[in-house]
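Colleague: For reference, the structure I am asking about is given below.
The values are calculated or read from the model by the stated rules, or taken from the named source; none is laboratory data. Here the structure is a predicted model, which means the values were calculated and not measured. All Cβ positions, glycine included, derive from the backbone under ideal geometry; neighbour counts span all protein chains shown.
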Amino acid sequence: MDGEPLPSAEVEQIIGLLEILDDLGGKEDIPKLARSLQFELDDLLPVIRAAELLGFVVAEGGDIEITDWGYQFLRGNVQERKEIFARAAMDVPWMKKILDMLKENEGEPIPKEDVLEAFQEDLSEEEAELLLHTAIGWGRYAELIGYDQDEEQIFLPEEEDSPSE
Amino acid sequence: MSLQQENTNLKPKVLEVKNVFRTYHHEDTNIVVLEDVSFDIYEDEFVCLVGPSGCGKSTLLRIIVGLDRPTRGEVLYRGKKVEGVNPKTALVFQNFALIPWLTVWQNVELGLEARGIDKKERERRIRYWLEKVGLDGHENAYPRELSGGMKQRVGFARALALEPELLCMDEPFSSLDPLTSQNLREELLRLWTGKELPTVSILMVTHSIEEAIFMSDRVLIMSTHPGRIIRDLRVELPRPRNMRDEEFQKIVDEVYTLIV
């Protein structure tokens, strides 16, 4: 499949990065940003890459800058942010793959194992696990996919989510 | 000047801490953790207690919510003495304090059940607060599946679902990485300044002066051994504040000068 693995960045980190960039006037030198946050460059780069993949920032020549789409996301309230994130994440190849598998299964839940297996056509077992973990985190936040830990199944969330009890 | 030391608040008092002492006995000696601590919190105030570790600020918070008792002195809530856990308060913990074998939904529900709230009202509140803190979609997740930031969102939802008048937080951002903590601080402030919280006042404990100035209307600075309040400063900086601009840094410097 096309596309690199999803960088392992949590949704909060992506939003935090945008908020900090906004405080800095929308643009910053990446090494300087890492230093001022006392954050290792190795930890910061996946977050930057994730934000870039979602179209919220552009990183070029050692600088990072928020895009208009990124500002639109940042200015939204909690629900608007989720919707914008969902629209952006839907087009990320790996997320698309999961959504397509669910669609092929007519919206019925699919076992986590099947997704891991599909991912392992291109990735190692460890990479596939990490990727799925990130995809579930993003998918839950964006309400694109749900995950049932007890059944180890990925499912499409209902419109009005009812809790399991 | 953006820092004022006199308190001219004319709003009703929510909390009065009056000459609180807390001592522990250890091998024939008395260890004084808190010494003669007094302050009030008014309606619509966001107050931060700042001090180094070991200054007794977490003990003070536990006394305020009624999980611990002062050795001497008293705490009044809306003029009445606090004895036992105060149902008008709720606490957010540094390490989330979630129950690992319960889902997000069940973790939030537990505190509501303990307060005898009926099922229908529990469901309404859980749904409402999970959505407010951005956790809809995570109802059936277990804590181990969640990032630190998501876990602390559960911590907020659990506290807010109790609809506390005084929300108390003990270092709620300090076990999160710098990006995640920035995100959660801003989201909490959005709810607070947007008047979306059920809460009339917030008391937050932190060891970070920057964080205190960023978040609060008033900063109480504590000394250590024994823990006392040495400064009571009002932060007049307009919101939204920017930790990275000059004016903010000037106030941070002023506070450091006052306490060193």
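Colleague: Have a look at A:140, A:87 and point out the one that is under 14 Å from the mean Cα position of the chain (by Cα), of a type outside the set (A, V, I, L, M), more than 12 Å from chain B (Cβ to nearest Cβ) and part of a helix (DSSP H, G or I).
Modeller: Every option except A:87 fails the conditions.
Colleague: So which residues in segment B:128-154 are in a helix (DSSP H, G or I), over 18 Å from residue B:101 (Cα atoms) and at the interface with chain A (Cβ under 8 Å from one of its Cβ atoms), if there are any at all?
Modeller: Those that are in a helix (DSSP H, G or I), over 18 Å from residue B:101 (Cα atoms) and at the interface with chain A (Cβ under 8 Å from one of its Cβ atoms): B:131, B:132, B:149.
Colleague: Exactly one of these conditions fails for residue B:220: (1) part of a strand (DSSP E or B); (2) at pLDDT below 95. Give me its number.
Modeller: (2)
Colleague: Within segment B:161-185, track down each residue that is hydrophobic (A, V, I, L, M, F, W, C) and more than 13 Å from every other protein chain (Cβ to nearest Cβ).
Modeller: B:161, B:162, B:166, B:167, B:168, B:169
Colleague: Another question, then. Considering only residues that are free of Cβ contacts under 8 Å to residues at least 24 places away in the same chain and either basic (Lys, Arg) or buried (at least 23 other Cβ atoms within 10 Å of the Cβ) (or both), which ones fall in segment B:164-211?
Modeller: B:179, B:182, B:190, B:195
Colleague: Quick check on segment B:192-211. Is at least one of its residues in the same structural domain as residue B:127 (by TED's automatic domain parsing) and part of a helix (DSSP H, G or I)?
Modeller: The answer is yes, given that some residue of segment B:192-211 is in the same structural domain as residue B:127 (by TED's automatic domain parsing) and part of a helix (DSSP H, G or I).
Colleague: Moving on to the next point. In segment B:93-119, which residue that is of a type in the set (S, T, N, Q) and outside any helix (DSSP H, G or I) is surrounded by the fewest Cβ atoms within 10 Å (Cβ to Cβ)?
Modeller: So the residue we want is B:95.
Colleague: Moving on. Go through (1) free of Cβ contacts under 8 Å to residues at least 24 places away in the same chain; (2) among the hydrophobic types (A, V, I, L, M, F, W, C); (3) more than 10 Å from chain B (Cβ to nearest Cβ) one by one and return the number of the condition residue A:64 breaks.
Modeller: (1)
Colleague: Does segment A:96-119 contain any residue that is within 14 Å of another protein chain (Cβ to nearest Cβ), of a type in the set (Asp, Glu) and assigned to a loop (DSSP other than H, G, I, E, B)?
Modeller: no
Colleague: Check off (1) free of Cβ contacts under 8 Å to residues at least 60 places away in the same chain; (2) farther than 23 Å from residue B:172 by Cβ for residue B:214 and give me the number that stays unchecked.
Modeller: (2)
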